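J.: There's a structure below that I have some questions on.
The values are calculated or read from the model by the stated rules, or taken from the named source; none is laboratory data. Predicted, not measured: the structure shown is a model, and the values here were computed from it. Note that we place each Cβ from the backbone using ideal geometry, even for glycine, and neighbour counts take in every protein chain shown.
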Amino acid sequence: MGILTRKQAIDLAQLLRKEGKRIVLANGVFDLLHRGHLLYLQEAKKFGDVLFVAVNSDASVRRIKGKGRPILGEEERLALVEALKPVDYAFLFDEEDVRGIILEMRPDFHAKGGDYTPETVPERDVALKVGTRTVIAGSDKVNSTTDIIERVLEKFCK
């Protein structure tokens with residue numbers, strides 16, 4: 001339904017919750033969009049009525065993933081994620097994790113991918129503090145951008 005600023009997303013989530021909607025927050029880099037991302041977001045959407053996806057900014061991706069990342073810029077990654085059927089709203093954020101967003105948005109659910117367990121989600125402490133349920137969506141990593149990069153390099157840089 002749209003690309004928002006962080007403030008717009010938080011304000012809208014609060015309004016929708018007052019209307020009785022269950023809010024789900026998912027987040028990630030989404031550098032080279034692949035099937036694993038889609039499965040993650042499809043399952044995340046099942047936990048609530050409205051799915052907000054926080055996409056890491058280019059600066060935060062560089063801090064997390066290192067030199068050479070992201071492959072695709074933040075505006076392109078944001079547009080691709082927002083265009084996926086399960087996604088209602090997408091917005092950029094500049095931190096390495098979404099603790100601050102959880103504190104501000106207070107979603108009903110915080111969905112992480114299948115490479116986590118509820119106990120290993122970095123934001124779990126804040127989620128517990130504000131009453132957000134941490135849920136795992138999707139399966140173990142079907143793919144990763146790093147795996148895709150390695151396959152491309154193997155095939156074309158021999």
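J.: Can you tell me which residues in the range 22-47 are surrounded by fewer than 16 Cβ atoms within 10 Å (Cβ to Cβ) and either more than 14 Å from Lys85 (Cα to Cα) or β-branched (Val, Ile, Thr) (or both)?
T.: Listed by number, the list holds a single entry, Arg22.
J.: Also, quick follow-up: It is to be established whether one or more residues within the range 81-95 are surrounded by 15 or more Cβ atoms within 10 Å (Cβ to Cβ) and either of a type in the set (Gly, Ala, Ser) or modelled with pLDDT under 95 (or both). Step through it out loud before you land on a result.
T.: If we filter the range 81-95 for residues that are surrounded by 15 or more Cβ atoms within 10 Å (Cβ to Cβ), which is where we start, we get 81-82, 84, 86-93, 95.
Going one step further and asking which of them are either of a type in the set (Gly, Ala, Ser) or modelled with pLDDT under 95 (or both), we end up with 90.
The answer is yes, given that some residue of the range 81-95 is surrounded by 15 or more Cβ atoms within 10 Å (Cβ to Cβ) and either of a type in the set (Gly, Ala, Ser) or modelled with pLDDT under 95 (or both).
J.: Looking only at the range 69-80, decide whether some residue is at pLDDT 95 or above, touching a Gly at 6+ places or on another chain (Cβ under 8 Å) and outside any loop (DSSP other than H, G, I, E, B).
T.: no
J.: Okay, moving on. Within the range 107-118, is even one residue farther than 21 Å from Gln8 by Cβ, surrounded by fewer than 20 Cβ atoms within 10 Å (Cβ to Cβ), of a type in the set (S, T, N, Q) and modelled with pLDDT under 95?
T.: Yes, the range 107-118 contains at least one residue that is farther than 21 Å from Gln8 by Cβ, surrounded by fewer than 20 Cβ atoms within 10 Å (Cβ to Cβ), of a type in the set (S, T, N, Q) and modelled with pLDDT under 95.
J.: OK, next. Quick one: is Ala26 out of contact with any strand residue (DSSP E or B) (no Cβ under 8 Å at 6 or more places or on another chain), among the aliphatic types (A, V, I, L, M), at pLDDT 95 or above and closer than 17 Å to Ile101 by Cβ?
T.: no
J.: Can you run down the residue pairs with Cβ atoms below 6 Å, 6 or more apart or on separate chains, where the first is in the range 120-137 and on the phi < 0 side of the Ramachandran plot and the partner is exposed (fewer than 15 other Cβ atoms within 10 Å of the Cβ) and in a loop (DSSP other than H, G, I, E, B)?
T.: Short answer, once both residue conditions are applied: Thr134/Pro118.
J.: Next question. Here are some residues: Ile71, Ile10, Ile23. Which one is among the β-branched types (Val, Ile, Thr), closer than 28 Å to Thr146 by Cα, touching a helix residue (DSSP H, G or I) at 6+ places or on another chain (Cβ under 9 Å) and touching a residue at least 60 places away in the same chain (Cβ under 8 Å)?
T.: So the residue among Ile71, Ile10, Ile23 that is among the β-branched types (Val, Ile, Thr), closer than 28 Å to Thr146 by Cα, touching a helix residue (DSSP H, G or I) at 6+ places or on another chain (Cβ under 9 Å) and touching a residue at least 60 places away in the same chain (Cβ under 8 Å) is Ile71.
J.: Here's something else I'd like to know. Ile102 passes all but one of (1) part of a helix (DSSP H, G or I); (2) out of contact with any His (no Cβ under 8 Å at 6 or more places or on another chain); which number fails?
T.: (2)
J.: Could I ask something else about it? How many of the residues making up the range 1-55 are in a strand (DSSP E or B) and either touching a Ser or Thr at 6+ places or on another chain (Cβ under 7 Å) or of a type outside the set (A, V, I, L, M, F, W, C) (or both)?
T.: Total meeting the criteria: 3.
J.: Considering only the range 119-155, state which residues are part of a loop (DSSP other than H, G, I, E, B) and either among the basic types (Lys, Arg) or surrounded by 12 or more Cβ atoms within 10 Å (Cβ to Cβ) (or both).
T.: Val121, Pro122, Glu123, Thr132, Gly138, Ser139, Lys141, Val142, Asn143, Ser144, listed by residue number.
J.: Starting from residues that are farther than 13 Å from Val29 by Cβ and touching a residue at least 24 places away in the same chain (Cβ under 8 Å), keep the ones in the range 96-106 and report whichever is surrounded by the fewest Cβ atoms within 10 Å (Cβ to Cβ).
T.: Leu103
J.: Against the definition (of a type in the set (Ser, Thr, Tyr), out of contact with any Lys or Arg (no Cβ under 7 Å at 6 or more places or on another chain) and modelled with pLDDT of 95 or more), how does Ser60 come out, yes or no? Outline the logic, then answer.
T.: Working: of a type in the set (Ser, Thr, Tyr): yes; out of contact with any Lys or Arg (no Cβ under 7 Å at 6 or more places or on another chain): yes; modelled with pLDDT of 95 or more: yes.
In short, yes.
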